Amino acid sequence: MYEPLAARMRPESLDDFAGQKHLIAPGKILRRIIDSDRIPSMIFWGPPGVGKTTLASIIARKTQAEFITFSAVTGGIKEIREVMKLADSNRNFGTRTILFVDEIHRFNKAQQDAFLPFVERGSIILIGATTENPSFEINGALLSRCKVFVLKPLSPDDLMGLLRRGIGVMNVKADDDILRAIAEFANGDARSALSLLEMAAINSDNATITPEILEQCTSRKSLLYDKSGEEHYNMISALHKSMRNSDPDAAIYWLSRMLEAGEDPLYIARRVVRFASEDVGLAEPGALSMAVAAYQACHFLGMPECSVNLAQAVIHMSVVPKSNSLYTAYNSAREDALHSMAEPVPLHIRNAPTKLMRELEYGKGYQYAHDYEEAVTAMECLPENLRGREYYRPTEHGSEINYKRRIENIKKWRKQNG
């Protein structure tokens, strides 16, 4: 029967395993655990094609325990109970049971809860594999009983070693430039690299992979991106922080990564609108107008036409002066607001539309600012216990220095006329 190259080349020992030296090099923790066959419950977390399932298969070969493989895609509560029943039986006879659950993040809360009592009493040793952040996808109680091992994307050199072995297995020829191109294209994914090598080999003439063949097999790079997963938040974080750091080159790179991977341009545009006030603010008051205009352009045009509108907004946000004083002002005021919800509005700034309210002295003593030469009064507008608070502290960046000077003048006038 036909087996994909990646399956035929799956290593059977840690010595043949590619990558993850931080975990399986001699003396490292996972290596010691596997070599000593003292396996705890653990989670392998990493992107596709980095060796999560391969590590499980190596453990299966080395351990003296009964090793059961379970798929979160096809298994349900009924199948879990059957496995747990077998595990309890094994425990009664002194045999350990290791249960490997591939794509454990696909289990819902009830399914994950079904494992918990068996892990707690030692009936099973659970090994889960996931491409999603376990902090978000695995129940806290279950996660606290598992050691999490983070597997990293394979380096180009790691993939080059695999690919050299692969051309030997397939009995084809390819120079190092070809293999390096495949390794770069695979983006740290061993399975992707070997699958591409196999496709190129099958379509090659005279058992030689040429640049032309490789180009046909890689018509478009598949970007690692999950619009509902952790990588989604990593990318938007990278864009936001690049703009904040006034780095237009990095910002436009992360923007293009997201758009070319299929991100909704309106989502990015909404984040740019937020950035315009959170990180630019009054240092460049026009930033908000540009961000809103970019959002409207995305709504009118859609992809791919709106990419240049977002590029304009992102580069503008990266280059203009920055201030987070609006953000810090609101957060400071919010803290006081949450702790003083019952603080009454001062009577003199309350509205008084009825006779009763006027009799209760609503609005008494109110000073209408436009009746004064400076259009400013010394009237207090904060509640009694918050008088003197300063929430907005403008910087001297960009246009915000004008706001700072204006506020200083107002405070000086109030001090003289209060």
Run the reach check for Lys241 against aspartates and glutamates, Cα to Cα strictly under 19 Å, same-chain hits fewer than 8 apart removed. What comes back?
Glu230, Glu231, Asp249, Glu263, Glu278, Asp279, Glu284
Please work through the chain and write down the cysteines that have no neighbouring cysteine Cβ at a distance under 4.7 Å.
Cys146, Cys217, Cys381
Of all accessible surface on the chain at a 1.4 Å probe, what whole percent is carbon and sulfur?
51
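Nearest 20 debye, what's the magnitude of the dipole of region 67-212 about its Cα centre given +1 on Lys and Arg Cβ and -1 on Asp and Glu Cβ? Let's see the in-between values first.
Details: 16 positive and 19 negative charges, 193 e Å.
Value, rounded to 20: 920 debye.
Treat every Asp and Glu Cβ in the chain as -1 and every Lys and Arg Cβ as +1, leave all other atoms uncharged, and give the resulting dipole magnitude about the Cα centre to the nearest 20 debye. Intermediate results must be reported in sequence, preceding the final value.
On the way: 51 positive and 53 negative charges, 262 e Å.
It comes to approximately 1260 debye.
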Kindly provide the chymotrypsin sites (Phe, Trp or Tyr not before Pro) of region 1-73 that DSSP labels as loop, not H, G, I, E or B, and whose Cβ sees at most 11 other Cβ atoms within 10 Å.
Tyr2
Longer than 28 Å from Cα to Cα, which of Lys28/Lys52; Lys355/Lys412; Lys364/Lys411; Lys62/Lys85 are they? Say none if no pair is.
Lys355/Lys412
Compute the long axis of helix 400-417 from its Cα atoms, compare it with the longest principal axis of the Cα atoms of the chain, and write down the angle in degrees, 0 to 90, nearest 10.
40
Near Lys415, which lysines are there with a Cα under 17 Å away, not counting those fewer than 8 places off in the same chain?
Lys404
Tell me, what are the semi-axes, in whole angstrom and largest first, of the equivalent ellipsoid of region 199-332 as set by the roots of 5 times the Cα gyration tensor eigenvalues?
38, 15, 13
Looking at the chain as a GNM with Cα springs under 10 Å, which of Ser144, Ser277, Ser340 has the largest mean-square fluctuation?
Ser340
Applying the Karplus parametrisation 6.51 cos²θ - 1.76 cosθ + 1.60 with θ = phi - 60° to the phi angles of region 5-22, what ³J(HN,Hα) value in whole Hz is obtained for each residue in order, glycine and proline being reported as x?
4, 4, 6, 5, 9, 4, x, 9, 9, 5, 5, 9, 6, 9, x, 6, 4, 5
Say the dipole of the chain comes from +1 at the beta carbon of Lys and Arg and -1 at that of Asp and Glu; which of Cys217, Ala56, Phe118 then lies farthest toward its positive end?
Phe118
How far is helix 230-244 tilted, in degrees, relative to the longest principal axis of the Cα atoms in the chain, given as a value from 0 to 90 rounded to the nearest 10?
40
Under the rule of -39500 (n - 2.57) per DSSP H run of 4 or more residues, summed and divided by the residues of the chain, what mean residue ellipticity at 222 nm is obtained, to the nearest 500 deg cm²/dmol?
-15500 deg cm²/dmol
With the chain treated as a Gaussian network of Cα nodes joined by springs under 10 Å, which of Gly128, Gly302, Gly94 yields the largest mean-square fluctuation?
Gly94
Using only Cα atoms, tell me the angle between helix 265-275 and the longest principal axis of the chain; keep it within 0 to 90° and round to the nearest 10.
50
Looking at the chain, send over the antiparallel percent of its DSSP beta bridges, to the nearest 5.
5
Using a Gaussian network model of the chain whose springs link C-alpha atoms within less than 10 Å, name the residue from Glu215, Glu263, Glu400 with the highest mean-square fluctuation.
Glu215
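The values are calculated or read from the model by the stated rules, or taken from the named source; none is laboratory data. Note that the coordinates shown come from a computational prediction; the quantities given were computed from them, not determined experimentally. A quick note on method: Cβ atoms are made from the backbone with ideal geometry, for glycine too, and the neighbour counts reach across all protein chains shown. SASA here: full protein model, heavy atoms, side chains in, ligands and nucleic acids out. Shrake-Rupley method; radii C 1.70, N 1.55, O 1.52, S 1.80 Å.
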